[in-house]
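Coordinate-derived values only; no laboratory data. Keep in mind that what you see is a predicted model, and the values were worked out from it rather than measured. Cβ atoms come from the backbone with ideal geometry, glycine included; neighbour counts cover every protein chain shown.
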Amino acid sequence: MIDLHSHVLPGIDDGPDSIEGSLALARAAADAGTRTLVATPHVSSRYPNDADTIELLVGELGARLEEEGIALEILPGAEIAITRVSEIEPSEMHRYGLGGGPWLLVEPPFTTVVAGLDAIVGDLLRRGHLVLLAHPERCPAFRRDPRMLEALVDDGVLTSITAGSLVGRFGSEVRGFAVAMLEADMVHNVASDAHDHRGRRPSIADELQAAGAETLREWLTEQVPAAILTGGEIPPRPSVELGGTRSRRWPWGRR
Ligand SMILES: [Fe+2]
């Protein structure tokens, strides 16, 4: 699997404090079936990381993984807070792309109102970037106004939900919304958003299985992320049955 969202780099955000912690997370990812892990440290007002630092740490961690014999490829990326977008020089923005490609992982705020989000995303799209939304299911504003999320998806934005959301790690409301999104073809990727090797660990397959979405695993965790990393065409979602107990249908908008 390809995991597009992780906080595996040491000492630069709320991920591991040390390289040992990064190695433990990487080992757990490899054990869970991940072959490529994109390092997406926060780029936010709290963690104002820059592309130089990210590239340097990805290089260092990659070298350590090789020394330790851990079969995991680490690629650079970033999780850019929507509120931080305007502070990154437009000419530098491409350096934050997932795996060096054209897709930016953009994090909506955890607030009930997100004034200006569509304008900021629209501006990125006009400038030639592609936008993958990080865990929109955890954003109260989208849960309150799902049509706002639909409008973004209609504009070509893709969504990456957190595997743990599907099994209630962030509460039943987030779980219900994540499942409804999945049913309504509003989910294009499932990632771990791992922060360590125990609590918020780098696991995806178990959660998909538990949520009855095993039939979409290859598309969600191999085909779509591979296209995102290379900037290739996103393959259409296979028409497969989802298993498990559905908690809620998508009752909004056109879907
Ligand atoms: Fe994250």
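The table for this structure:
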| read-out | value |
| --- | --- |
| Net lengthening on full extension, GLU66/ALA226 (0.36 nm per residue, minus Cα-Cα) | 55.4 nm |
| Positive-end residue of LEU125, ILE74, THR40, charge dipole of the chain with Cβ unit charges | LEU125 |
| Test item: Cα-centred dipole of the chain, Lys/Arg +1 and Asp/Glu -1 on Cβ, debye | 1060 |
| Per-residue [θ]222 nm for the chain (sum of -39500 (n - 2.57) over DSSP H runs n ≥ 4, rounded to 500) | -9000 deg cm²/dmol |
| Rg(Cα)/(2.2 N^0.38 Å) for the range 19-154, N = residue count | 1.14 |
| FRET efficiency for ARG147 and LEU242, using Cβ-Cβ distance with R0 set to 22 Å, rounded to 0.05 | 0.45 |
| Shape box of the range 2-230 [Cα atoms, principal axes, largest first, Å] | 48, 42, 29 |
| Surrounding net charge for VAL121, when Lys and Arg each add one and Asp and Glu each subtract one, Cβ distance under 14 Å | -3 |
